Amino acid sequence: MYRLPDSPTVTSFNTIGILTSGGDAPGMNAAIRALVRAALNQQMKVYGIQRGYAGLLNADMRRLSSTSVSNIIQRGGTILKSGRCEAFKTADGRAQAAHVLRENGIQALICIGGDGSLTGAHLLTQESGIPVIGLPCTIDNDIYGTDDSIGFDTAVNTALGAIDRIRDTALSHERLFLVEVMGRESGFIATQVGIACGAEMILIPEYPIELESISYTLATNRKAGHGSSGIIVVAEGTEPGLTGRLAEQLTQHGEEPRVCILGHIQRGGSPTGHDRVLASCLGVAAISYLMSGLTDVMVGTVGRDLTPAPLGNIIGHRRHDPRLYEMVTMLHK
Ligand code: ADP
Ligand code: F6P
């Protein structure tokens with residue numbers, strides 16, 4: 001459970017808008033539910049903007065009531081749908097978005113999304129003056145300014161369940177598996193699930209490892225009596241096909257790896273209890289922040305505390321945890 005802020009109320013809002021943007025993540029619905037019910041509790045009207053910023057530009061929105069968000073806390077995905085919008089990356093696009101908000105009487109916007117979406121929200125408020133509050137939500141968990149993002153815990157557990165199954169057949173056939181998880185520029189999913197599944201190696205974009213080093217580690221493990229089966233968890237990285245190429249290279253080094261790409265199963269599924277509680281706390285805190293006059297911040301976590309983290313700090317920064325990565329190399333067999 002997170003410690004909720006006791007922010008003083010200094011302002012009130014009649015009508016707010018909520019949207020989900022970018023890569024979806026399990027727990028988005030729990031966040032929407034908490035935001036709607038916390039806002040209704042303050043006699044606000046709530047509009048659900050559909051399909052992210054593209055929907056905002058098209059005024060694609062609907063009033064949300066308490067019953068609109070019944071029975072969704074356990075559902076993956078987002079009832080508001082999500083998406084990407086190149087137009088919103090332009091000042092003109094954001095000016096159009098601000099116009100739509102004002103035209104519909106929406107006085108503040110809550111954005112649930114990853115670093116890209118939250119960057120967009122920052123620029124929107126900087127350019128229009130319309131208050132915005134962000135909720136960090138991405139399975140990558142790479143948002144600067146918060147320890148935790150909605151969806152990460154569920155994605156890790158989804159990947160872990162799959163890898164434990166792969167481990168069974170790897171042991172039966174004494175095979176090496178390269179298992180690719182999501183994370184283009186950050187290795188948090190790979191690191192966390194690699195530690196949890198006892199992976200023989202974890203390959204992440206932050207710490208590139210030479211092929212020779214991988215072959216040497218595998219050979220050393222065999223000599224030390226760890227057998228020939230093994231799991232190498234690979235973060236997908238920014239170059240498509242990375243894991244397949246690695247498998248080819250290892251084959252040329254005398255290995256016989258199998259490849260398993262987990263892909264988008266990590267983006268779906270029923271959110272874990274952790275993500276449901278995290279999303280609910282962030283949603284309640286977001287309404288509290290708004291009414292305390294805060295804007296251009298996201299509800300970040302520092303341990304069990306919630307803290308207003310400036311959205312502007314996200315630009316040019318990505319969350320980094322060197323101690324976690326050191327632990328990874330320590331735990332390799
Ligand atoms: P995520 O929020 O999961 O990181 P993306 O990076 O794909 O997802 O961003 C989702 C949307 O957020 C983009 O399609 C765009 O509409 C908006 N966005 C992303 N980056 C920016 C930016 N630098 N400036 C303005 N809007 C942005
Ligand atoms: O940002 C979350 C994420 O799932 C990344 O881990 C992944 O690389 C990317 O989104 C996939 O994007 P798309 O939505 O295009 O499938």
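Yes or no: ARG318 under 14 Å from THR146 (Cβ atoms), within 16 Å of ligand 2 (Cβ to nearest atom) and out of contact with any Lys or Arg (no Cβ under 7 Å at 6 or more places or on another chain)?
Working: under 14 Å from THR146 (Cβ atoms): yes; within 16 Å of ligand 2 (Cβ to nearest atom): yes; out of contact with any Lys or Arg (no Cβ under 7 Å at 6 or more places or on another chain): yes.
Judged against the criteria, ARG318 is a match.
Cβ-Cβ below 6 Å, separation at least six or inter-chain, first residue in the stretch 87-103 and part of a helix (DSSP H, G or I), second among the β-branched types (Val, Ile, Thr): which pairs?
From the stretch 87-103, the pairs are ALA98/ILE130; LEU101/ILE130.
I'd like the residue in the stretch 130-157 that is out of contact with any Leu (no Cβ under 8 Å at 6 or more places or on another chain) and part of a helix (DSSP H, G or I) and, out of all such residues, is surrounded by the most Cβ atoms within 10 Å (Cβ to Cβ).
Filtering first and then ranking leaves ALA155.
From the list ARG304, ARG323, exactly one residue is surrounded by fewer than 17 Cβ atoms within 10 Å (Cβ to Cβ), under 18 Å from ASN141 (Cβ atoms), in contact with a strand residue (DSSP E or B) (Cβ under 9 Å, 6 or more places away or on another chain) and not aliphatic (A, V, I, L, M). Which is it?
Only one candidate passes the filter, namely ARG304.
Out of the residues in the stretch 171-190 that are in a helix (DSSP H, G or I) and buried (at least 23 other Cβ atoms within 10 Å of the Cβ), state the one that is farthest from ligand 1 (Cβ to nearest atom).
ALA190
Exactly one condition in (1) out of contact with any helix residue (DSSP H, G or I) (no Cβ under 7 Å at 6 or more places or on another chain); (2) farther than 27 Å from GLU256 by Cβ is false for THR169; which is it?
Status for THR169: all satisfied but (2).
Starting from the stretch 160-176, keep only residues that are over 24 Å from ALA219 (Cβ atoms), then list their pairs with residues that are surrounded by 18 or more Cβ atoms within 10 Å (Cβ to Cβ) whose Cβ atoms are within a distance under 7 Å, requiring at least 6 positions of separation or different chains.
That search, which allows pairs on different chains as well, returns LEU160/VAL193; LEU160/CYS197; ALA162/LEU262; ASP164/CYS197.
So, in the stretch 1-32, how many residues would count as being more than 16 Å from ligand 1 (Cβ to nearest atom) and part of a loop (DSSP other than H, G, I, E, B)?
Selection size over the stretch 1-32: 13.
Consider ASP275 against the criteria (1) within 16 Å of ligand 2 (Cβ to nearest atom); (2) within 28 Å of ILE166 (Cα to Cα); (3) not in a helix (DSSP H, G or I): it satisfies all of them except one. Which criterion is unmet?
Condition not satisfied by ASP275: (3).
So which of GLY93, GLY27 is of a type outside the set (Lys, Arg), surrounded by fewer than 22 Cβ atoms within 10 Å (Cβ to Cβ) and either within 16 Å of ligand 2 (Cβ to nearest atom) or modelled with pLDDT of 95 or more (or both)?
Within the list GLY93, GLY27, the selection yields GLY93.
Go over the candidates ALA121, ALA98, ALA108, ALA87 one by one and state the one that is surrounded by fewer than 16 Cβ atoms within 10 Å (Cβ to Cβ) and hydrophobic (A, V, I, L, M, F, W, C).
Working: ALA121 fails: surrounded by fewer than 16 Cβ atoms within 10 Å (Cβ to Cβ); ALA98 fails: surrounded by fewer than 16 Cβ atoms within 10 Å (Cβ to Cβ); ALA108 fails: surrounded by fewer than 16 Cβ atoms within 10 Å (Cβ to Cβ).
Matching residue, one of ALA121, ALA98, ALA108, ALA87: ALA87.
Tally the residues that are touching a residue at least 60 places away in the same chain (Cβ under 8 Å) and part of a strand (DSSP E or B), restricting the search to the stretch 191-238.
Adding up the residues that qualify gives 7.
Quick check on SER66: is it at pLDDT 95 or above and within 16 Å of ligand 2 (Cβ to nearest atom)? Working first, answer last.
On the way: at pLDDT 95 or above: yes; within 16 Å of ligand 2 (Cβ to nearest atom): no.
No, not satisfied.
Across the stretch 33-46, what is the number of residues that are buried (at least 24 other Cβ atoms within 10 Å of the Cβ) and either within 16 Å of ligand 1 (Cβ to nearest atom) or not in a helix (DSSP H, G or I) (or both)?
1
The values are calculated or read from the model by the stated rules, or taken from the named source; none is laboratory data. What you see is a predicted model, and the numbers here were worked out from it, not measured in a lab. Methodologically, a virtual Cβ is constructed for each residue, glycine included, from the backbone with ideal geometry; neighbour enumeration extends over all protein chains shown.
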